[in-house]
Each structure stands twice: as structure tokens, then as C-alpha cells.
Amino acid sequence: MGAEKKWLFTLFIAALLSLLLLLLLTSLSSFSSPKPFPSIIHHGAHYPPAFAYYIYGGRGDADRILRLLLAVYHPRNRYLLHLVAEASDDERNRLAASVKAVPAIEAFGNVDVMGKPDRLTYMGSSNIATTLRAAAILLRMDGGWNWFVTLSALDYPLLTQDDLSHVFSSVGRGLNFIDHTSELGWKESQRVQPIVVDPAIYLARRSQIFHATEKRKTPDAFKVFTGSPWVVLSRPFLEFCVLGWDNLPRTLLMYFTNVVLSQEGYFHTVICNSPEFMNTTVNSDLRYMIWDNPPKMEPHFLNISDFDQMVQSGAAFARQFHRDDPVLNMVDERILMRGHNRAAPGAWCSGRQSWLMDPCSQWGDVNVFKPGPQAKKFEESMTSLLDDLNSQSDQCK
Ligand SMILES: *[C@@H]1O[C@H](CO)[C@@H](O)[C@H](O)[C@H]1NC(C)=O
Ligand SMILES: *[C@@H]1O[C@H](CO)[C@@H](O)[C@H](O)[C@H]1NC(C)=O
């Protein structure tokens, strides 16, 4: 072949290959989404923040977890679902299958179901082990998220993900939302001094925590903090806890192994004893709960009588709810605009809304947000929290 012919041949092959590639891309994307080109996700300082959700539940909670997932779903976030060991593999597989059947989740691939479940003991330290494990998995799987949010199957959001990302766009990404205090009160003798053992750490069968006969002194090598187990923690703080280059998160983990309800103290004590993180605490768990006075072990189950007060509260999430309580339908209809078995719509959904068609089965740019009326309420409560932060009146005290 002459030089010119060779060149023509190369050109012809290149054109053919590009054509094939174009055809392949078109058919691939029309297979996974009805839009010709899938949306590109942008993370980073110049883009809105993203969240990593850890949602867990027990036996029989698969449907509630799916409902909660759809209520907090957004393509830019990451989700880890955990049905703890008492649930069957069958239920776990069913949850994974129903998650994959949602077109957007299938296309964006941002939801995982934990395959090797953990055993949790009520009030035992296995709860902390599992939360740290979830954080470790989410840190490793996705470099794009900014905050880690813990939810249980009994929780529900009070705003859309567009609302949440919009309000968090003006929040410093190092801040941690954790309800805490060092005023231990009755907890000093009931929670801090007793020594308990969680058998789930070393026994194969299901069991309960048990108490040692001895009590121990209140620690003086560090100050104990306690508060709500429900947290919204920043990525840098979780890296500090999980990677462990400083020994404090590790030694406190060892201490809290034998503390009742360690999930009400571990992160609180680590963060308030770390000079580099104590100034990043915002003293709120961003949840709406109603407690008895004096408080019982769990808050009230919320129902439709609580709806107005709940949405006026300016909280991001609420707990706890009975399975399919009518008040959840009210949240779906009035706040999330969410149809049955569909993801809560956001600005990313580009399909037409009708009872036949899920608007989120088609999508446009997933990096834009359209906050709704609930964003205002949440923004007000965030503003007052950040004012407290500036005065440092309520931090690690
Ligand atoms: C945290 O705030 C206190 C009080 O304003 C200040 O003295 C300290 O230097 C701050 N720590 C860090 C690491 O910024
Ligand atoms: C809601 O719960 C409260 C107690 O928590 C109860 O007094 C009230 O009757 C309940 N309302 C409905 C509509 O079930």
C-alpha cells in the first residue's frame, strides 16, 4: 500500500470505529435510562454537598427500609442498607431486589445492601461497632459525600433532599451535628460507672448485655459526654474515627465497649476531647422526637395528631413511627410529593408527573436543586444553630 492509501485506510477505520462507539453508547444509555446521555455527577467544593445514609432495621423491616430509602433518595447521595442478623437472608435478598427494580437506583448504582450482617444487642456496644463499620464502608465506596447520616427503619424525613442539600450548601463542610452534654446527672451512676458486657461481641447465639458486680470510677483521663445516638457527622471527623492515626478514637472505643448504650456517648466523647474537632460541634441531632417527662427508653410514636407541630419544628427527620402509620402518608403527600413505591421527586426528575408515570424514571441534570416550602423552616433552625455556634455557648460544655 502507498503512503496515501495507508492514510486513507486509517481514516476509514477510525471513522468506522467512532460510528460503532457512538451506536454502542446510544444503545447502552437507552437501555439503562430513557435519556440519551446519563447525567454526570459533580462533587466537590464548588458543587452542592452530598450525604451518605446508613439505614438499618431488624427482622421484618425490609419494606419500611425501602419506603424510607425512597423518601430520602437522590442520585448524588450514597446509601447503605443493613438488615441486622436476626433478619433472614431471604428478606435481605428481597430488599436488594426491590431496590434494584427502581430505574434510577439501577442506573446510578448508589444503593447497597450489607451482605454480611452484624448482630446487635439492645443497649450493647455492638451498635457502635456496626455504625463504625458502616462509616468505613461508605468512606471506602464513595469519595464524594460530605456528611454521614444515621437512620433507623422507624425514622422518616420531614423535607426533600433538594431542601436538605440547599440548606447544607451554606454550612461549613467540617461541621458535625451531634446533640451532647457533659452534665451526666443520673447517667453518671446508671450509665458511666456500671460495667456491662455485650455477648454479641464474642458469642455466636443471640443474647442480652449483662452487668458486672463491680462499678468503676468516672473517667478522669478524659471528660465523658452523652447525648442523642442520632448523628450527622462530617467526613473528616469520621476519617479521624475510622482510620485512627490518633489513639483517642481507639482507646475510647475500648472504654465504651463496657458502657451501657455506648452509642449515646462514643462519638460525643471522642469529638469533645479532640482539640481539632471540638470547635466543629453543633449541639443538635436535627431530629424531631417527643419524650415523656421523665424520659422513657424510647420517644413517643408519632401520629397524625403530631403532624403540624412536627413540620413546624424545623427538624430534618423525625422518629419514631409505627409501620405505615397514616402520618407517613401525610408527609409523602404534603411534603415529599411522593407517589406509592416511587422515589421522592426532586429537580433531577424530568419525567411528566402522572399516576401512570413516575417522574423520576427520567432525569436531567442531577446537580441542580429546587428547594420547596420545608426548606424555609429548616433554614431558620439551621441559622439559629449556627448563631449558637458562633457564640460557642453550647459547644462541648
Ligand atoms: C477552638 O475554640 C477555642 C475558643 O474560641 C479556641 O481557643 C481554640 O483555639 C479553638 N481551637 C481550634 C483548633 O481552632
Ligand atoms: C396520637 O398519640 C397520642 C399519644 O402519643 C394519643 O394521645 C392520640 O390519641 C393519638 N392520636 C391519634 C389520632 O391516634
**Item:** For residue 120, residues with placed amide H under 5 Å, excluding near neighbours
**Value:** 85, 86
**Asked** Under a point spin-label approximation (7 Å from Cα along Cα-to-Cβ), what is the residue 394-residue 341 distance to one decimal in nm?
**Response** 4.3 nm
**Fill in**
Rounded to one decimal in nm, the spacing of the 7 Å Cα→Cβ label points at residue 210 and residue 170 is 5.6 nm
**Request:** Give me the distance between the Cα centres of the range 40-84 and the range 175-224, rounded to whole Å.
**Result:** 29 Å
**Item:** Nearest 10 degrees, 0 to 90: helix 62-71 Cα axis against the chain principal axis
**Value:** 70 degrees
**Item:** Volume per residue of the C-alpha convex hull in the range 354-397, rounded to whole Å³
**Value:** 143 Å³
**Message:** Just to confirm a number: summing +1 for Lys and Arg and -1 for Asp and Glu over residues other than residue 207 whose beta-carbon lies under 13 angstrom from that of residue 207, what do you get?
**Reply:** +1
**Message:** How large is the convex hull of the C-alpha atoms of the range 169-320 per residue, in Å³?
**Reply:** 155 Å³
**Prompt:** Which Cys residues of the chain have no other Cys beta carbon under 4.7 Å away?
**Reply:** 241
**Message:** Run the simple label-point estimate for residue 182 and residue 357 please: 7 Å along Cα→C-beta, distance reported in nm.
**Reply:** 6.0 nm
**Complete:** About its Cα centre, the chain carries a charge dipole, from +1 on Lys and Arg Cβ atoms and -1 on Asp and Glu Cβ atoms, whose size in debye to the nearest 20 is 940 debye
**Complete:** Between residue 285 and residues 5 or more places away or on another chain, the pairs with built amide H atoms under 5 Å apart involve 179
**Prompt:** If we count GluC sites (Glu not before Pro) as exposed when they sit in a DSSP loop and have at most 15 other beta carbons within 10 Å, what is the longest stretch of the chain that avoids them all?
**Reply:** 277-397
**Prompt:** Out of the range 281-371, which trypsin sites (Lys or Arg not before Pro) are coil in DSSP terms and have no more than 16 other C-beta atoms within 10 Å?
**Reply:** 296, 323, 352
**Asked** Of all the stretches in the chain, which is the longest one without any exposed loop site, taking chymotrypsin sites (Phe, Trp or Tyr not before Pro) in a DSSP loop (any state but H, G, I, E, B) with at most 15 other Cβ atoms within 10 Å?
**Response** 1-121
**Asked** For the range 250-308 and the range 121-173, what is the separation of their C-alpha centers, rounded to whole Å?
**Response** 14 Å
**Request:** Report the semi-axes of the equivalent ellipsoid for the range 143-242 in whole Å, largest first, where each axis is √(5λ) for an eigenvalue λ of the Cα gyration tensor.
**Result:** 33, 19, 14
**Message:** Given R₀ = 35 Å, what would the calculated FRET efficiency be for residue 222 paired with residue 303, taking r from the Cβ atoms and rounding to 0.05?
**Reply:** 0.25
**Request:** Within the set of other residues whose C-beta is less than 13 Å from the C-beta of residue 181, count the net charge using Lys and Arg as +1 and Asp and Glu as -1.
**Result:** -2
**Complete:** Of all lysine pairs in the chain that are eight or more residues apart or on different chains, those with Cα atoms under 27 Å apart total 17
**Prompt:** Direction-averaged shadow area of the convex hull around the Cα atoms of the range 35-143, nm²?
**Reply:** 7.7 nm²
**Request:** Could you work out, for the range 249-381, what percent of all Cα-Cα pairs fall into each 5 Å distance bin, beginning at 0 Å and stopping at the bin that holds the largest distance?
**Result:** 2, 8, 12, 14, 14, 14, 13, 11, 8, 3, 1, 0
**Asked** Which value in Å is the Kirkwood Rh of the chain over different Cα pairs?
**Response** 22.9 Å
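Read the figures in this text as sums done on the coordinates, not as results from a lab. Note that the structure is predicted; figures quoted are calculated from it, not measured. Don't worry about glycine lacking a Cβ; one is built from the backbone with ideal geometry, like all the others, and counts go over all protein chains shown.
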